[in-house]
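Peer 1: This is the structure I want to talk about, given as structure tokens.
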Amino acid sequence: MVSFSSSKRSLVDSIKNLRTDYTKGKLNIEEMSKSPSIQLSAWIAEAESNGVGDSNAFCLSTLNKEGFPTGRIVLARGVSDDGIVFYTNKSSSKGVELLKMEKAGATFFWSEMQRQVRVVGVVSHLSDEESDDYFASRPRASQIGAWVSQQSEQMESRQVLDSRLEEFTKKFEGSESVPRPPHWGGYLLSLEEVEFWQGRASRLHDRVKYSKKNGSWETALLQP
């Protein structure tokens, strides 16, 4: 049996008693776009216009070799009918997981607007040309950082990273541009199912689900 000290019990009680009643909006299925990509783009733009930081951030969920779901926050760099575009180190844990299982989930959450969007789809690689174009648009320091980081690998100390930063900074010193590392590139997460969630009072939330059927989208209301 787990024994809690009074301080730990107080912390647990304070978490247990956290409450928010969601009253900032509602969803009307008849007023939503027929395309989930257009609706998602509109919500991201609305979050941005309302001052939400990193309005294009989402949790990318993949499965590791033990079958456990793993999640991390990445940034969407494009949303279209084809899917959601993001870029990363392909040698990272998520890159390795996507190589073994090309299915993933994406969860957007904007607490200020009491909204959430969940996506499931199939992940594919963007072309080298598309990855090159985006990489060229990044700040130079971020470009060098992509060479520096051996993402997800263990290191003895921060000094390892600092030494690699010094190494690659010198390597590209005087170069007009920094080339894209071969291990870094873009992915496209297709839209197979997309669910829009709007918080409502008394936990009676609005949920609208888009499902792809024979190349077209069907929408349905879900119980909260």
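Peer 1: Defining a contact as two alpha carbons under 8 Å apart and six or more residues distant in sequence, what relative contact order in percent does the chain show? Write down the numbers at each step before the final one.
Peer 2: Working: 353 pairs, mean separation 53.4, N = 224.
Once normalised by length, the contact order is 24 percent.
Peer 1: Please give the Cα centre distance for segment 106-175 versus segment 33-95, rounded to the nearest Å.
Peer 2: The distance from the Cα centre of segment 106-175 to that of segment 33-95 comes to 14 Å.
Peer 1: Compute the acute angle (0 to 90°) between the alpha-carbon long axis of helix 36-49 and the principal axis of greatest extent of the alpha-carbon atoms of the chain; round to the nearest 10°.
Peer 2: Once rounded, one gets 80 degrees.
Peer 1: Using per-residue counts of other Cβ atoms within 10 Å, averaged over each peptide, order 200-207, 173-180, 74-81 from highest down. Numbers along the way, then the final one.
Peer 2: Numbers: 200-207: 14.0, 173-180: 11.2, 74-81: 16.6.
Per-residue mean Cβ counts within 10 Å order the peptides as 74-81, 200-207, 173-180.
Peer 1: Quick one: THR88, THR20, THR219, fewest Cβ neighbours within 10 Å first, how do they rank? Kindly include the intermediate steps, with their values, before the conclusion.
Peer 2: Values: THR88 20, THR20 8, THR219 17.
Lowest to highest Cβ neighbour count: THR20, THR219, THR88.
Peer 1: Another question, if that's okay. With +1 on the Cβ of every Lys and Arg and -1 on the Cβ of every Asp and Glu, and nothing else charged, how large is the dipole of segment 153-224 about its Cα centre, in debye rounded to the nearest 20?
Peer 2: Dipole about the Cα centre, nearest 20: 440 debye.
Peer 1: Give me a comma-separated list of calculated 3J(HN,Hα) values for segment 119-125, in order, Karplus coefficients 6.51, -1.76, 1.60 applied at θ = phi - 60°, integers in Hz, x for any Gly or Pro.
Peer 2: Whole-Hz 3J(HN,Hα) from phi for segment 119-125: 10, 10, x, 9, 9, 10, 7.
Peer 1: Follow-up question, since we're still on this one. Using the Cα centre of the chain as the reference point, and only Cβ charges (+1 on K/R, -1 on D/E), how large is the resulting charge dipole? Debye, rounded to the nearest 20. Write out the running numbers ahead of the final one.
Peer 2: Details: 29 positive and 30 negative charges, 205 e Å.
Around 980 debye, computed over the chain.
Peer 1: Between LYS65 and MET32, what is 0.36 nm times their sequence separation minus the Cα-Cα distance? Round to one decimal in nm. It would help to have the intermediate numbers written out before the result.
Peer 2: Working: separation 33, 0.36 × 33 = 11.88 nm, distance 3.83 nm.
Full extension of this stretch gives 8.0 nm more.
Peer 1: For the chain, find the longest principal axis of its Cα atoms and tell me its angle to the long axis of helix 158-171, 0 to 90°, nearest 10.
Peer 2: Helix 158-171 and the main axis of the chain meet at about 60 degrees.
Peer 1: Please list, in chain and number order, the residues 5+ apart from HIS183 or on another chain whose amide H is under 5 Å from its amide H, with Hs placed from the backbone.
Peer 2: Hits under the 5 Å cutoff: none.
Peer 1: Taking amide H positions as placed 1.01 Å from N in the peptide plane, with prolines and chain starts having none, which residues 5 or more places from LEU126, or on another chain, fall under 5 Å of its amide H?
Peer 2: Those qualifying (amide H under 5 Å, at least 5 residues apart or on another chain) are GLY186, TYR187, LEU188.
Peer 1: Count the net charge of all other residues whose Cβ sits under 14 Å from the Cβ of GLN114, scoring Lys and Arg as +1 and Asp and Glu as -1.
Peer 2: On the way: positive: ARG19, LYS24, LYS26, ARG115, ARG200, ARG203, ARG207; negative: ASP21, GLU46, GLU112, ASP206.
Once positives and negatives cancel, what remains is +3.
Peer 1: Give the residues of segment 70-92 whose amide nitrogen is closer than 18 Å to a point set 7 Å from the Cα of VAL122 in the direction of its Cβ.
Peer 2: It comes to 80-86, nothing else.
Peer 1: Report, to the nearest 10°, how far helix 128-137 tilts away from the longest principal axis of the Cα atoms in the chain, using its own Cα long axis and a range of 0 to 90°.
Peer 2: Around 90 degrees separate the two axes.
Peer 1: Report the gain in length on full extension from SER80 to SER216: 0.36 nm times residue separation, minus Cα-Cα distance, nm rounded to one decimal.
Peer 2: Details: separation 136, 0.36 × 136 = 48.96 nm, distance 1.46 nm.
Extending this stretch completely gives an extra 47.5 nm.
Peer 1: For GLY78, enumerate residues with amide H under 5 Å from its amide H, sequence gap 5+ or separate chain, H modeled in the peptide plane.
Peer 2: VAL85
Peer 1: From the phi angles alone, apply the Karplus equation (6.51, -1.76, 1.60; θ = phi - 60°) to segment 200-215 and give each ³J(HN,Hα) in whole Hz, x where the residue is Gly or Pro.
Peer 2: Values per residue, Gly and Pro as x: 10, 4, 6, 6, 8, 6, 8, 9, 10, 10, 9, 10, 7, 10, 6, x Hz.
Peer 1: Please find, in a Gaussian network model of the chain (springs between Cα atoms separated by less than 10 Å), the residue of GLN159, GLN198, GLN114 whose mean-square fluctuation is greatest.
Peer 2: Sorting by GNM fluctuation, first place goes to GLN159.
Peer 1: Tell me which of SER41, TRP184, VAL194 sits at the most positive position along the dipole axis of the chain, charges placed on C-beta atoms (Lys, Arg +1; Asp, Glu -1).
Peer 2: Farthest towards the positive pole: VAL194.
Peer 1: Which value at 222 nm does the chain reach when only helices count, each DSSP H run of 4 or more adding -39,500 (n - 2.57), with the total divided by all residues and rounded to the nearest 500 deg cm²/dmol?
Peer 2: Working: 6 runs with 66 residues, N = 224.
After summing the helix terms and dividing by residue count, I get -9000 deg cm²/dmol.
Peer 1: Using θ = phi - 60° and the Karplus relation 6.51 cos²θ - 1.76 cosθ + 1.60, list the HN-Hα couplings for segment 93-110 in order, rounded to whole Hz, with x at every Gly or Pro.
Peer 2: So the J values, rounded to whole Hz, are 4, 5, x, 5, 5, 5, 5, 8, 9, 8, 10, 8, x, 10, 10, 9, 9, 10.
Here, each number is a calculation from the coordinates, and none is a lab measurement. The structure presented is a predicted model; accordingly, all values stated were derived computationally and were not measured. Because the Cβ atoms are built from the backbone with ideal geometry, glycine has one as well, and the counts that use them run over all protein chains shown.
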